[in-house]
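The structure appears below as structure tokens.
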Amino acid sequence: MQEETIIIAFVAIIIIVILLAFFFSKKAIVKRKLKNSELKRLSSFRSGEIAKIVGKVKFVDSPLIAPLSGRECSHYHVLIEQERSTGKSSTWDTLVDEERHSKYLIKDGSKYAYINDSLLKSYIVDDAKYKSGFLNDPTENMEYFLNNKGIDTTNFFGFNKTLRCKEGVLEKDEEISVYGHGEWKEAIELGLPEEYGQVLEITSTNEEAIYLSDDPATTEENEVNINSSRKHEVKRSRYRK
């Protein structure tokens with residue numbers, strides 16, 4: 001009886017640890033913040049407000065080239081892990097966890113926003129995945145990317161290492177959601193082409209970072225985050241004939 005109690009308690013602790021790890025993961029935190037934040041259209045966003053916007057990515061600088069898929073993008077995140085076996089169990093050790101972005105705008109209607117802060121918490125959906133291992137060679141891009149970082153894709157005996165790679169990108173015209181503090185400024189003040197006119201500068205606050213994601217769950221409008229003016233606009237359009 002005592003042994004069964006110990007086993008049940010041990011299993012319960014493991015489940016709690018797993019749930020807590022998921023709940024407080026970067027992905028969960030970013031998605032939860034964006035899904036529960038007030039959504040404002042750029043056309044109604046006032047300087048000094050803190051809220052979420054949703055818009056499409058517009059390149060300003062030359063786009064980045066995603067290292068694994070070769071796609072043009074404004075922002076990418078790459079995670080590469082190696083499986084390491086220790087007796088009967090195995091773990092995945094991180095070899096590369098890299099995130100880069102170029103200068104880009106977020107367009108909503110005829111208005112633009114610009115992220116101008118390095119304090120950013122982001123979750124980019126991993127929509128490209130690659131593996132290598134026994135009888136499964138790494139792709140040319142995987143090998144080139146890792147070799148440039150001084151990491152071999154084969155072990156001491158010349159066999160492929162067991163690797164798994166994930167890549168997420170923000171492509172041109174992709175819809176994203178961003179939460180932060182907004183101030184309207186002239187584009188030229190932000191180092192942007194003058195043709196964009198007034199642009200909403202998105203920055204962090206003393207209390208919070210900027211949150212960003214391209215997960216569809218964070219970009220859709222719902223009763224939790226839609227603001228009252230937008231809610232009335234939706235209601236009017238729904239019954240318009």
Subject >> Sole exception among (1) crowded, with 18+ Cβ neighbours inside 10 Å; (2) more than 19 Å from Ile65 (Cα to Cα) for Leu170, by number >> reply: (2)
**OP:** Check Leu192, Leu212, Leu200 and return the single one that is part of a loop (DSSP other than H, G, I, E, B) and either modelled with pLDDT of 95 or more or more than 21 Å from the chain's Cα centre (by Cα) (or both).
**Re:** Leu192
Original post:
Within the stretch 152-183, how many residues turn out to be part of a loop (DSSP other than H, G, I, E, B) and out of contact with any helix residue (DSSP H, G or I) (no Cβ under 9 Å at 6 or more places or on another chain)?
Top reply: 11
Original post:
If Asn147 passes every condition in (1) of a type in the set (S, T, N, Q); (2) in contact (Cβ under 8 Å) with a residue 40 or more places away in the chain; (3) not in a strand (DSSP E or B) but one, which one does it miss?
Top reply: (2)
Original post:
Does at least one position in the stretch 55-76 carry a residue that is assigned to a strand (DSSP E or B), acidic (Asp, Glu) and either modelled with pLDDT of 95 or more or within 18 Å of Leu170 (Cβ to Cβ) (or both)?
Top reply: yes
Original post:
From the list Ser122, Ser37, Ser47, which one is surrounded by 15 or more Cβ atoms within 10 Å (Cβ to Cβ), part of a loop (DSSP other than H, G, I, E, B) and touching a residue at least 60 places away in the same chain (Cβ under 8 Å)?
Top reply: Ser37
Original post:
Among the residues of the stretch 204-216, which ones are surrounded by fewer than 20 Cβ atoms within 10 Å (Cβ to Cβ) and under 17 Å from Val57 (Cα atoms)?
Top reply: Asp215, Pro216
**OP:** Working carefully through the options Ile7, Ile80, find the one that is among the hydrophobic types (A, V, I, L, M, F, W, C), more than 23 Å from Pro216 (Cβ to Cβ) and at pLDDT below 95.
**Re:** Ile7
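Can you confirm whether the stretch 82-94 contains a residue that is among the basic types (Lys, Arg), free of Cβ contacts under 8 Å to residues at least 60 places away in the same chain, outside any loop (DSSP other than H, G, I, E, B) and surrounded by 13 or more Cβ atoms within 10 Å (Cβ to Cβ)? Walk me through it before giving the result.
Filtering the stretch 82-94 down to residues among the basic types (Lys, Arg) leaves 84, 88.
Narrowing further to those that are free of Cβ contacts under 8 Å to residues at least 60 places away in the same chain: 84, 88.
Now drop any that are not outside any loop (DSSP other than H, G, I, E, B), which leaves 84.
Then keep just the ones that are surrounded by 13 or more Cβ atoms within 10 Å (Cβ to Cβ); that gives none.
No, every residue in the stretch 82-94 fails to be among the basic types (Lys, Arg), free of Cβ contacts under 8 Å to residues at least 60 places away in the same chain, outside any loop (DSSP other than H, G, I, E, B) and surrounded by 13 or more Cβ atoms within 10 Å (Cβ to Cβ).
The values are calculated or read from the model by the stated rules, or taken from the named source; none is laboratory data. These figures come from a predicted structure and were not determined experimentally. Virtual Cβ from ideal backbone geometry, glycine too; neighbours counted across all protein chains shown.
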